[in-house]
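The values are calculated or read from the model by the stated rules, or taken from the named source; none is laboratory data. Note that the structure is a prediction, hence the values are computed from the model and not measured. For neighbour counting, all protein chains shown are included, and Cβ atoms are generated from backbone atoms with ideal geometry for every residue, glycine included. The accessibility values were calculated without ligands, DNA or RNA, using every heavy atom of the protein model including side chains. Shrake-Rupley method; radii C 1.70, N 1.55, O 1.52, S 1.80 Å.
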Amino acid sequence: MAERGVEVSALPAEVREQLAELDLELSEGDITQKGYEKKRAKLLAPYIIQAQNLAPPPQQDGQEPGPSSATAPSNASSSSSSSRHRRTRRPHRSGGTRDERYRSDIHTEAVQAALAKHKEEKMALPMPTKRRSTYVQSPIDNCTPPDSSSSSDDEGGVSGESGEQQQSPDSWMNSSIHGSSTSSSSASSTMSHGESRPPQAPQARGSRVDLPSNVVVRGMSRGQSRSSMMETADGVPVSSRVSTKIQQLLNTLKRPKRPPLSEFFMDDQEEIVEVPRPDPNTPKPEGRQIIPVKGEPLGVVSNWPPALQAALTRWGATQGKSPALTALDITGKPLYTLTYGKLWSRSVKLAYTLLNKLGTKNEQILKPGDRVALVYPNSDPGMFWVAFYGCLLAEVIPVPIEVPLSRKDAGSSQIGFLLGSCGVSLALTSEICLKGLPKTPTGEILQFKGWPRLKWVITDSKYLTKPSKDWQPHIPTANTDTAYIEYKASKEGTVMGVAVSKVAMLTHCQALTQACNYCEGETLVNVLDFKKDMGLWHGVLTSVMNRIHTISVPYAVMKACPLSWVQRVHIHKARIALVKCRDLHWAMMAHREQRDISLASLRMLIVADGANPWSVSSCDAFLNVFQAHGLKPEVICPCATSPEAMTVAIRRPGVPGAPLPARAILSMTGLSHGVIRVNTEDKNSALTVQDVGHVMPGALMCIVKPDGPPMLCKTDEIGEIVVNSRAGGTMYYGLSGVTKNTFEVIPVNASGAPIGEIPFVRSGLLGFVGPGSLIFVVGKNEGLLTVSGRRHNADDLVATALAVEPVKTVYRGRIAVFSVTVFYDERIVIVAEQRPDASEEDSFQWMSRVLQAIDSIHQVGLYCLALVPANTLPKTPLGGIHISETKQLFLEGSLHPCNILMCPHTCVTNMPKPRQKQPVGVGPASIMVGNLVAGKRIAQAAGRDLGMIEDQDLVRKHQFLTEALQWRAQTDPDHVLYVLLNAKGVAVCTATCVQLHKRAEKIAAALMERSGINTGENVVLLYPPGIDLIAAFYGCLYAGCIPVTVRPPHPQNLSATLPTVRMIIDVSKAACILTTQVLMKILRSKEAAASVNIKTWPIIIDTGTKIHRHFPLRFYYKMIAYLDFSVSTTGMLTGVKISHAAVSALCRSIKLQCELYSSRQIAICLDPYCGLGFVLWCLASVYSGHQSILIPPLELESSLSLWLSTLSQYRIRDTFCSYSVMELCTKGLGGQTEILKTRGLNLSCVRSCVVVAEERPRLALTQSFSKLFKDLGLSSRAVSTAFGSRVNLAICLQGTTGPDPSTVFVDMKSLRHDRVRLVERGAPQSLPLMESGTILPGVRVIIVNPETRGPLGDSHLGEIWVNSPHTATGYYTIYGEESLQADHFNTKLSFGDPQTLWARTGYLGFIKRTELTDSSGDRHDALFVVGSLDETLELRGLRYHPIDIETSVCRAHRSIGESAVFTWTNLLVVVSELCGSEQDALDLVPLITNVVLEEHHLIVGVVVIVDPGVIPINSRGEKQRMHLRDSFLADQLDPIYVAYNM
């Protein structure tokens, strides 16, 4: 840096002043770091040459010489050079790098000590991964990984304070020794990984692909790990960056946590989060009960006016020339002075106008007692004074509010609530202000969000009417009528109006006059907002009562010239100044040896926020700097106020030379438990507070418990200050319910008896009474965060965060701290604005150090720390951060952070204990007996009988499908079996019985022509959905081969889809492939060669070529009919063998259930490659003779309405579809029902629409489909679901006869414990489940305990076992593991009925006997499928179904499209697709974490935000979670953001 060696104190005064202004701009965020450095270098350029000539050689330890080396101890030898430059660049700032209002040196030391302690236990936190395009905030050169030693910047700092005089208070507090359990925190240092990976194009969701993850073939036992396919034992390729980060995360989570709260289960094992058992070492109050403290009597002075307006009348008449108010322009020069005469005459004119000139002669708009809004900018006090006093004289009630700047102002709708509750319909404003208000294009004033309709009245003098001679304002003696309403924002952001009566207003002015010893004719400088609080009470009301001259310094002037108020005090020899700590801080920063300033005239420097615990250091630092300018130590008067109780206490001006009041040095741990302990041992967690003086004259004060009944506190206990006085607010206007709890509190003693009759007002301030009846305030109710029963003050946390030198990361003064309730406790969130030039690494380092500091000093974990781009947090009118609005944005996911760190593992300590699975000690038989004794029937159900074959002619037909086809070709050759539609809905291909038979014969001939293909060999059919596939299937059967249908590879995505094809071909040991010419070319193309070895394909036969020879057909019925291969959602490739007998039984079962016969038509929009979809597409029509209209699902992507218009056009009664088809129609056509209706689409013909699936019914989707298309005539009863599994392709199918599917609600907490508890609709934590359709004829189902293999009772959760003639005969496996097959296909119960052979479906479910009757007249048994056992996640000893967590996640934010969850080394990983803009990405992280914690009692370990279409979905519309997991761990997802929750 150029200016390194310049001695700043030697520079000319004007250069020093310009430097000071630059520093101020930087600290307030009004200039970027780059701009600051540029301007600064320019200013210093002339002086650098001389300095370089004088520069001594650099010192050994690498610290540059200069004034700072003396004051800032360097403890970070390896810190980056830029931080060293920054350290020496500002030697002249007496507090420039630090915000004095929040700081004390003690606190900074404490934070540095805490961080140093953590540095010893070095532990790398995984840094979030962010796609570079997401935020273009950080310049590229900032993206290099930090120095691996990652030691922090220099943590010293230039001190602006001398050693503080801190006497400990007298012996009024019991000093108790107690250990503070500092836990090891959740963060230490950061590590980054190289992030230069070319982004992969996300796979288009359009191409539904079955992707087995890392090739696993069913036939390996369930227990076998899949490591054989991977590089490392954990199953992660070694090079993966993601897995390194997860390992880091696991390491941080292994560290000991703060001891968790003790938790338990109730007897019925419901999880209950227990209130923490009291820790025996918790400090408890030990003093006696407090006695109310009385202020001195309010003296009766003979010349005090009977009402405040009377004082104005008197001064207006007798002292008309006396100055009342001087306003400043933007440069800080006086703009105008309003005399008492002018103030009086203008106020009278306004009062007259308001009462007589706003309506017609007979019907005036305003009457005394009406409320009017006062809308005046902070820079125009004169207009406000006139308006306020004009209202008082007219006896209308002024409600001062801020000027609305836009329709979306922070909290503007809450101001609307205030205006509504006060019944305001008229607003007074100035002409200039009115011109500046936002307007509609027609020129009318905008209707602000939530505001009532207002009539605007301009109060400039030229628009006012002079009253007639005989008109005088009515000035009664002060009474209890409301004089004015002051607004107040609650912790939740609600804005209420505190009504102040005329007598309270007058009494308050009298009490302030007595306490502050105000005299006539004094001068007062006011920097505070004159619309409310101290600025109004001292600067507008009390000043008029005492004929004081007020000089008003607006906020805009302070920003331009921070020293202006000090200059005004000097010029006007002011006796009183009204300021905040911020103003002290700004004055110190701008103060540059201005020798001509004198503050000797001040007798009172009233510090309005002196109750803030951090004000003590501001006051000390200010005194340090300005004592040389005549400031006397005893004139600093902190005070405590609140809108409800008004002034609670104020320090009286001291006697020169008398000792200053004592300070209290309190233990933070004690404070968090609400007790006062003098801190002697651990300086790191101490808080120094100053008193705010004595109780106000004429008031009575006591301290009560802040929550629960207002019980008096003990002397060493922190509580809420309550005040009884005539000078206080009377109510929240228009809100009588809330009023009672605040304004009419009667304190009670320990036994609960009231201590008297008189009501007290809650002040909202927390504090205690110290020695000599001095009042100490340690925080506000609204800044209180109660975490696990301990209380923390938001201001304290801000101070700790700022003590972690954030100079280059965040803006000071722009930090919001609040708590959100998640999982039965409050969780602390910190949001700060990040500087534009801060790098990712800097920000992450700062965030992790803030975590450590807060953990060490406050012993509380942070839930979330978020950084947002500069200037994006909602602001209050005078520049502060609007906390409740920020919290609202955080909760609704509209904060748009650019960096976020969640630490749920650290701070959520009230999780229920993990469930310990009990060994099954009780024998199965006794369980059964127990069930019988309890009257529980065994949970089993059966479909109706398949029945004997009636027609002897059809005996052969019913036996085998090939014969059925030949029989149909002979008896009914021209009957159309299949019609294939294209995207336009045109029948592109049809097949009659005889055509299908002939085509099949040709294909059989082609197979037999190849001499290498023998009977019983497997043949792969690779066709797009259509009639070719059906013909090839029957051709294989005719040739005595076993067909294996395989989905063809996607030409645009060969790399992802071809390996699956190859794998099925290899696993099935296919002798040849039947396919089309197009696909044959693809299989042999160069593109294919990139993914698989194309030289080793089996024989490929194009079935489109002509066959000349004729071969006799060869049927072999001993063997299996076909192989059904499918990839499960867990990535398992499973092939099952289906016998000819099973095919016939299944077709017969479907025929009976759906009443299918030759004259019927059904429409099928399904993928025809496996499961029930294949059976319906290829087999059912040949068996039953009905006509199938085939709609390939892929055609819907180009013509959404194809399926529905086909149903309407052909008047279809029964249709079958998949969930993906239903979802496409719901999302794509949901908003177009009116258009479809006009096209004549009518669905009233549909009797049953069955969704074919192997999963739990998606109730939300089927219901929304029914509701959306109800207008097109779709019956609400039409939609139902089917259920099949690998071992049995069709178990349930809602037919035409049985009762409608029923829906039940089960308790999700019980499901996790493998139990079913039925609850009412709308019960919390309830999950709706729909019956999976009626059980098919010939099928028996029983619910079995998967561990004991014993049958379970009705409504118990267990594995679904099935017995039916169409069960598959076994897995087709290359491993030949007979035991596994026997286990899945031929299993017996351990007791009950040990003879029957069952097949295990691998799905959990339960059977419930309903009140409905089935076709046989018996009560209907409904089967409810809960989910696949293979997919469930075992976490904390409980069983979770991914779909439940995913449903919650999708509800968390409007921008979440699809989501999927999986576990990795006991961490729960949530992947969510972002359908909004990328700036929403980081908003999702806290919302996802919250919802999973709230609804599932799980802590999310990693949140991954990806583009739409990244989550792989198979042809049945099921998510392939394991494939997603492997892609994530191999770092192939190109995520937008990956957050690792600590």
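The set of residues in the stretch 1483-1511 being surrounded by fewer than 24 Cβ atoms within 10 Å (Cβ to Cβ) and closer than 24 Å to Val1252 by Cβ consists of Gly1509 alone. Just checking, does the stretch 1485-1503 include any residue being in contact with a Pro (Cβ under 8 Å, 6 or more places away or on another chain) and over 30 Å from Ser1310 (Cβ atoms)? Checked against the condition, which is being in contact with a Pro (Cβ under 8 Å, 6 or more places away or on another chain) and over 30 Å from Ser1310 (Cβ atoms), the stretch 1485-1503 yields no hits at all.
Considering the stretch 889-925, the residues that are aliphatic (A, V, I, L, M) and at pLDDT 80 or above include one that is nearest to the chain's Cα centre (by Cα), namely Leu891. Where helices (runs of 4 or more DSSP H) fall entirely within the stretch 1096-1194, those with at least 2 residues that are of a type in the set (A, V, I, L, M), buried (at least 21 other Cβ atoms within 10 Å of the Cβ) and modelled with pLDDT of 90 or more are at 1140-1154, 1180-1184. Of all residues in the stretch 479-521, how many are surrounded by fewer than 21 Cβ atoms within 10 Å (Cβ to Cβ) and part of a loop (DSSP other than H, G, I, E, B)? Looking only at that region, the number is 12. Please tell me if Ile432 is open to solvent by less than 40 Å² (accessible area, probe 1.4 Å) and either out of contact with any His (no Cβ under 9 Å at 6 or more places or on another chain) or in a loop (DSSP other than H, G, I, E, B) (or both). For Ile432, the condition - open to solvent by less than 40 Å² (accessible area, probe 1.4 Å) and either out of contact with any His (no Cβ under 9 Å at 6 or more places or on another chain) or in a loop (DSSP other than H, G, I, E, B) (or both) - is not met. Considering Glu826, Glu833, the condition of being open to solvent by less than 20 Å² (accessible area, probe 1.4 Å), acidic (Asp, Glu) and either at pLDDT 90 or above or in contact with a strand residue (DSSP E or B) (Cβ under 6 Å, 6 or more places away or on another chain) (or both) is satisfied by Glu833 alone. Residues that are on the phi < 0 side of the Ramachandran plot and touching a Gly at 6+ places or on another chain (Cβ under 6 Å) number at least 2 in the following strands (runs of 3 or more DSSP E) confined to the stretch 589-658: 636-642, 646-650. Across the stretch 737-744, a minimum of one residue is classified as farther than 18 Å from His508 by Cβ, open to solvent by less than 40 Å² (accessible area, probe 1.4 Å) and out of contact with any helix residue (DSSP H, G or I) (no Cβ under 9 Å at 6 or more places or on another chain). Residues in the stretch 339-373 that are under 18 Å from Glu395 (Cβ atoms), surrounded by fewer than 20 Cβ atoms within 10 Å (Cβ to Cβ) and among the small types (Gly, Ala, Ser) were compared, and the one that is modelled with the highest pLDDT is Gly369.
Looking at Pro473, Pro452, just one residue is free of Cβ contacts under 8 Å to residues at least 60 places away in the same chain, part of a loop (DSSP other than H, G, I, E, B) and open to solvent by 10 Å² or more (accessible area, probe 1.4 Å), and that residue is Pro452.
If we keep just the residues of the stretch 591-620 that are at pLDDT below 90, open to solvent by 10 Å² or more (accessible area, probe 1.4 Å) and polar (S, T, N, Q), which is nearest to Leu797 (Cα to Cα)? Across the stretch 591-620, the extreme among qualifying residues is Asn612. Checked across the stretch 581-590, the condition of being open to solvent by less than 30 Å² (accessible area, probe 1.4 Å), touching a residue at least 24 places away in the same chain (Cβ under 8 Å), small (Gly, Ala, Ser) and over 18 Å from Cys509 (Cα atoms) holds for at least one residue. Consider Thr1015 against the criteria (1) open to solvent by less than 30 Å² (accessible area, probe 1.4 Å); (2) not in a helix (DSSP H, G or I): it satisfies all of them except one. Which criterion is unmet? If we test Thr1015 against (1) open to solvent by less than 30 Å² (accessible area, probe 1.4 Å); (2) not in a helix (DSSP H, G or I), just (1) comes out false.
Among the residues here, Pro659 qualifies as open to solvent by 10 Å² or more (accessible area, probe 1.4 Å) and within 30 Å of Leu599 (Cβ to Cβ). Among the residues of the stretch 400-410, those that are surrounded by fewer than 23 Cβ atoms within 10 Å (Cβ to Cβ) and of a type outside the set (A, V, I, L, M) comprise Glu402, Pro404, Ser406, Arg407, Lys408, Asp409.
The residues of the stretch 440-464 that are touching a helix residue (DSSP H, G or I) at 6+ places or on another chain (Cβ under 7 Å) and of a type in the set (A, V, I, L, M), listed by number, are Ile458, Leu464. Look at the stretch 1078-1096: where a residue is within 16 Å of Met1063 (Cα to Cα) and a partner is modelled with pLDDT under 95 and open to solvent by 70 Å² or more (accessible area, probe 1.4 Å), sitting 6+ places away or on another chain with Cβ atoms under 8 Å, you get Ala1090/Ser1055; Ser1091/Ser1055; Ile1094/Arg1084.
Checking each residue in the stretch 1080-1095 for being outside any loop (DSSP other than H, G, I, E, B), farther than 15 Å from Asp1066 by Cα and of a type outside the set (Gly, Ala, Ser) picks out Met1080, Lys1081, Ile1082, Lys1086, Glu1087.
When Asp1480, Asp1444, Asp1430 are checked against the criterion of being open to solvent by 10 Å² or more (accessible area, probe 1.4 Å), under 27 Å from Arg1286 (Cβ atoms), under 23 Å from the mean Cα position of the chain (by Cα) and touching a residue at least 40 places away in the same chain (Cβ under 8 Å), Asp1444 stands alone in meeting it. Only a single criterion out of (1) of a type outside the set (D, E, K, R); (2) surrounded by 22 or more Cβ atoms within 10 Å (Cβ to Cβ); (3) over 14 Å from Met1542 (Cβ atoms) is not satisfied by Leu862, namely (3). Any residue in the stretch 1025-1048 that is assigned to a loop (DSSP other than H, G, I, E, B), at pLDDT below 90, at negative phi and open to solvent by 20 Å² or more (accessible area, probe 1.4 Å)? No, every residue in the stretch 1025-1048 fails to be assigned to a loop (DSSP other than H, G, I, E, B), at pLDDT below 90, at negative phi and open to solvent by 20 Å² or more (accessible area, probe 1.4 Å). Pairs are defined by a Cβ separation below 8 Å, a sequence spacing of at least 6 or placement on different chains, a first member in the stretch 645-673 that is more than 24 Å from Asp796 (Cβ to Cβ), and a second member that is basic (Lys, Arg) and assigned to a loop (DSSP other than H, G, I, E, B); the pairs so defined are Pro653/Arg603; Pro656/Lys632.
Among the criteria (1) at pLDDT below 80; (2) open to solvent by 60 Å² or more (accessible area, probe 1.4 Å), the one Gly930 does not fulfil is (2). Taken over the stretch 1051-1084, the criterion of being hydroxyl-bearing (Ser, Thr, Tyr) and touching a helix residue (DSSP H, G or I) at 6+ places or on another chain (Cβ under 9 Å) is satisfied by Ser1055, Thr1057, Thr1075, Thr1076. For the stretch 547-557, taking the residues that are at pLDDT 95 or above and not in a strand (DSSP E or B), the one that is nearest to Trp315 (Cα to Cα) is identified as Arg547.
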